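Student: Structure below; questions to follow.
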Amino acid sequence: MSKFFAYYSHHIMKYFKSKSVSRQEGVVADNNTGNRQVRDDGKQKIIYYSSLSDKAKCRAHKLKCSYIVVSNSDIRKYKLPLQKTRTSYVNIYDFKVVLQGECEFTKEDRCTLCMGSFNELPEDVDITLLAGKALDEFMVVRTPCKHYFHKECLSDWLNFDNLENAHNRINEALEMSRDASVAPLNVTVLEDQPFREEGEPFDSAESYNPETPIAIDFGSYNVRAGYINQNKPTHVFVNELTRYRDRKLAHTFTFIGNDTLVDQTVCSQAKSPFDGSLITNWDYVEDIMEYTFNHLGVVSDNGVRNPLIINERLACLASQRSNWYQILFESFDIPQATFGIDSLFAYYANNETNKDGIVIDCGNQDTNVIPIINGNAILTESKRIDWGGSQAIDFLSEVMTLKYPYFPTKLSDYQYRRMYEDYCYVSQNYNEEITKCLTLEQLQEKNVVVEAPFTEILQPQKTEEELRIQAEKRKETGKRLQEQAKQKRIEKLIQKTEEYEYFSKVKEQLVDQPKKTVLSILQNAGFDDERDFKKYMYNLEKSLKKAQAIETDGADDDAEEEEHKFDLLEIADSELNEEQIKEKRKQRFLKASFDARQKAKEEKIRKQQEEEEARKKEEEWRNTNLASWIKDKRKKLAVLVKKRKDKVKLKEDMKDRKSQASQKRMKNLANLAEDTPQSGSKRSRQQATIDNDPNDTFGANDDDWAVYNDVTQNPEALDELIEEDYREIVELEGQLLEFDPNFTEEDTLDAQYDWRNSILHLFLRGPAPHDSEDVHEQHQMHLNIERIRVPEILFEPSIGGLDQAGISELCETILLRKFDSKPSKLSQTALNMVNNTWLTGGNSRIPGTRERIVKEFTQFLPVQTQLAVYQSNNPSLDAWNGMVKLGNNKELYPKSFITKTDYEEFGPEYIKEHQLGNVNYF
């Protein structure tokens, strides 16, 4: 069933080639020849269409497939809907199958509609010799493209009294066609950032203990805060602040952290105190810290009485630490504070203080690789990559903007973060996967479709009566406009005729006159010279002929000749009265129109004869030398395909206002808009124009007409040219499909431009056809290459424009070239590091990161080296858990903090060196 419907419904719209058939004899004739036999008796006009057959069964019978009859009477009687093809309108419901030729099928064949067998055929019948009439006796119907049906099935399907059923079956057929058979893509809607109805909760002040240290992981994306006697931070919020000015209340409100999510306006104005990896807005930091202490339930006594453990980045600048000292000790009166590197806090959370290892911290702003010996970080051999989760999200935003430059909505940073964290993954073999990423098989598995939220406007559905009334109104309006346009054309034609008669008399006055007199007469008439006058007369005559052809197109020549005898044309005006003179003018106009039509008819007959002769010569050439004919057709086809390709490229360039074609066109349009009169003009009045418009002087110069060589290359004109080329290509392909055994449907233009063969389509739209009119598909993005390209920058920073080494290269240098190691043999220290490699940081949660590091380490480490790469369940909390562990360590914690007394004594440049912190210098 799907085979039949998919074949007919798909090819009707895409591959039909217009033909004509006589109602009397059923003779097929090409539209391109003069032997076209179409009969129209006012009741029924029959048009024949033949679809290109499929390669497997119908290539040799291309002209015998899919007969379609359009009946004007049936269209009016049953109000059948029409679908437009390239050249005409085809009613896909009202078609009848014409039986032709002999049948070749076996009893294993099944009815294309019901998929039932033909068991009713007698055993002794030679089915290979059955003709259409014989098949009809056995209730079997065969189409010229060799599809078979039970007669009742086909009759039921073609039943005009059941159009709704036919419509439903056609819809089912379309769903089962080649494109519709593709599994629908799963679409995920990118939700906006959820807003909170309640603000950040406050901890109870009753359980407040001023002796319990507070641990704060002050990250560039999130702030995690809590007491060290708790298992997890009680407050986790985004590190952002909004100053919102309410004009009605004339007051500025400050929203911090999750409180910025109470309203869209407040959220859109939120800003971070960080600029990259450095803090730049310390006023924000002070407000955020105050917000944090308040929600922790700190009871203030002219300051915060709790000790504080807080993080800082690797190789923190002295100015950053100095500002922290001032805020903590001067603004909040903190008694003591511990500063430590977040990467080392994370390592310490999962290890003892005296264990060797290496920590890879993938943070929001950067990625650090720190070797550790006996629990002490070797900061002189530590490395940093200026790439983190924030840069990855910005990079994803940039590549998606380049991929979809005309995307209707702008996605927020939150939505891009969701795309990165939910759909990106680290490839285990990037070079191999990137080469296969845009294949159909890979895309069906890896392609992810996300849809931006939008408000869909649903058009109200009108009833059939409303649609009928609307169609009648549209028809009446169109008829009225046509009458008005016709009246204006007639008035304009009369005006041009009078003008032509007047200047014809002027032309007669110029006969046998000296040049000086001729120039004087012409200048009085508004012309520069005789050349200017001749050019004007030529354009006027050309415009007049064109208007006459439009006005008299389609009229019955014989009837008009009988009605108008043109008897007044040979009588002089002096012998006629006023009314007869007017009638004479009318007869002169009608006679000129009749002569123009006769000339056009003769020209049409001449062209038809030439086409018929050319067709016969080509047919004779094909019969005598098929190889040469095929070679010539293939050459013409290649030229047409190249021309069409160039025009399509020009059309795409014209959409880009920065392209050379678009800029050239706009330049010419700007030149047209210039209204600078020519120098040296001696006319005594405005230049005369065809339409007698004194403001319209375009065309007076020959250069004006040359500009149309470029201006007419607009999208509308290009569409027509491209469509014309396409029709010629389809015609040539049809001939090659019929007579060239080596030319198959895979060689046709439509097959070459199939979306399955287009890398660009697969990249932009995934493994499915794209409907540009579907509002949902307009708001969809396809993630395919970006899913592995963005996370790969951690291993190949050059993809993101960084001139730095990746994680694997940095670790290889540390493990194979440091600490007495060699590429062929690792030292015991390096072996201990390899056996205790820790992966931490929020950016390490991207799937596949740990497995990729294991693979990279295995490649550069000596054979049979024991390797262990660990990662906690929640890498984002490792740093805070390390602070808690440090605060509860009675031996290590007292050696790590700096007191307010130390700050007042040594100044803000002082740094307290300890096992988990920075050092004074490298």
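The values are calculated or read from the model by the stated rules, or taken from the named source; none is laboratory data. In this text, all values refer to a predicted model and were calculated from it rather than measured experimentally. Quick reminder, even Gly has a Cβ in these numbers, built from the backbone with ideal geometry, and neighbours come from all protein chains shown.
Student: Just for region 911-922: of the residues that are over 21 Å from residue 355 (Cβ atoms) and touching a residue at least 40 places away in the same chain (Cβ under 8 Å), which one is surrounded by the fewest Cβ atoms within 10 Å (Cβ to Cβ)?
Tutor: This residue is 922.
Student: Within region 441-491, how many residues are surrounded by 10 or more Cβ atoms within 10 Å (Cβ to Cβ) and under 30 Å from residue 408 (Cα atoms)?
Tutor: Qualifying residue count, region 441-491: 13.
Student: Tell me which of these residue 866 doesn't satisfy, since it passes every other one: (1) exposed (fewer than 12 other Cβ atoms within 10 Å of the Cβ); (2) under 28 Å from residue 219 (Cβ atoms).
Tutor: Only one criterion is unmet by residue 866, namely (2).
Student: Just to be sure I understand, how many residues within region 765-802 are more than 19 Å from residue 426 (Cβ to Cβ), assigned to a helix (DSSP H, G or I) and at pLDDT 95 or above?
Tutor: Step one: list which residues in region 765-802 are more than 19 Å from residue 426 (Cβ to Cβ), which gives 765-782, 801.
Retained after the next criterion (residues that are assigned to a helix (DSSP H, G or I)): 765, 775-778.
If we keep only those that are at pLDDT 95 or above as well, we get none.
Total satisfying the criteria: 0.
Student: While we're here: Of the residues that sit in region 513-528 and are without any contact (Cβ under 8 Å) to a residue 40 or more places away in the chain and not in a loop (DSSP other than H, G, I, E, B), which one is surrounded by the most Cβ atoms within 10 Å (Cβ to Cβ)?
Tutor: Residues of region 513-528 without any contact (Cβ under 8 Å) to a residue 40 or more places away in the chain: 513-522.
Within this subset, residues satisfying the condition of being not in a loop (DSSP other than H, G, I, E, B) are 515-522.
Working: 515: 10, 516: 8, 517: 12, 518: 16, 519: 18, 520: 12, 521: 17, 522: 21.
This residue is 522.
Student: Related question: Considering only region 277-302, state which residues are at pLDDT 90 or above and small (Gly, Ala, Ser).
Tutor: Listed by number, the residues that qualify are 277, 297.
Student: Exactly one of these conditions fails for residue 784: (1) out of contact with any Lys or Arg (no Cβ under 8 Å at 6 or more places or on another chain); (2) among the polar types (S, T, N, Q); (3) under 28 Å from residue 390 (Cβ atoms). Give me its number.
Tutor: (1)
Student: A further question on this structure: Looking at region 740-755, which of its residues are exposed (fewer than 15 other Cβ atoms within 10 Å of the Cβ) and in a helix (DSSP H, G or I)?
Tutor: 746, 750, 751, 752
Student: A follow-up question, please. Cβ-Cβ under 6 Å, sequence separation 6+ or interchain: first residue in region 592-611 and under 24 Å from residue 543 (Cα atoms), partner modelled with pLDDT under 75 and among the charged types (D, E, K, R). Which pairs?
Tutor: 597/557
Student: Hey, another quick one. Could you list, in sequence order, the residues of region 196-218 that are outside any loop (DSSP other than H, G, I, E, B) and at pLDDT below 90?
Tutor: Of everything in region 196-218, those that are outside any loop (DSSP other than H, G, I, E, B) and at pLDDT below 90 turn out to be 205, 206, 207.
Student: Restricting the search to region 868-903, which residues are in contact with a helix residue (DSSP H, G or I) (Cβ under 9 Å, 6 or more places away or on another chain) and free of Cβ contacts under 8 Å to residues at least 60 places away in the same chain?
Tutor: 868, 869, 871, 874
Student: Does any residue of region 625-632 turn out to be among the aromatic types (Phe, Trp, Tyr) and either closer than 30 Å to residue 723 by Cα or not in a loop (DSSP other than H, G, I, E, B) (or both)? Full working, then the answer.
Tutor: Here is the first cut: in region 625-632, the ones among the aromatic types (Phe, Trp, Tyr) are 629.
Next, from what is left, pick out any that are either closer than 30 Å to residue 723 by Cα or not in a loop (DSSP other than H, G, I, E, B) (or both): 629.
Yes, because at least one residue in region 625-632 is among the aromatic types (Phe, Trp, Tyr) and either closer than 30 Å to residue 723 by Cα or not in a loop (DSSP other than H, G, I, E, B) (or both).
Student: Continuing with the same structure: When you look at residue 341, is it over 25 Å from residue 790 (Cα atoms) and of a type in the set (Val, Ile, Thr), yes or no?
Tutor: On the way: over 25 Å from residue 790 (Cα atoms): yes; of a type in the set (Val, Ile, Thr): yes.
Yes, satisfied.
Student: Moving to a separate point now. Let me spell it out: the conditions are (1) surrounded by 16 or more Cβ atoms within 10 Å (Cβ to Cβ); (2) within 20 Å of the chain's Cα centre (by Cα), and residue 368 meets all of them except one. Which number is the exception?
Tutor: For residue 368, the exception is condition (2).
Student: Can you find a residue in region 255-276 that is within 22 Å of residue 881 (Cα to Cα) and of a type in the set (Phe, Trp, Tyr)?
Tutor: There is no residue in region 255-276 that is within 22 Å of residue 881 (Cα to Cα) and of a type in the set (Phe, Trp, Tyr).
Student: Please go through (1) more than 26 Å from residue 636 (Cα to Cα); (2) assigned to a helix (DSSP H, G or I) for residue 737 and return the number of the only condition it doesn't satisfy.
Tutor: (1)
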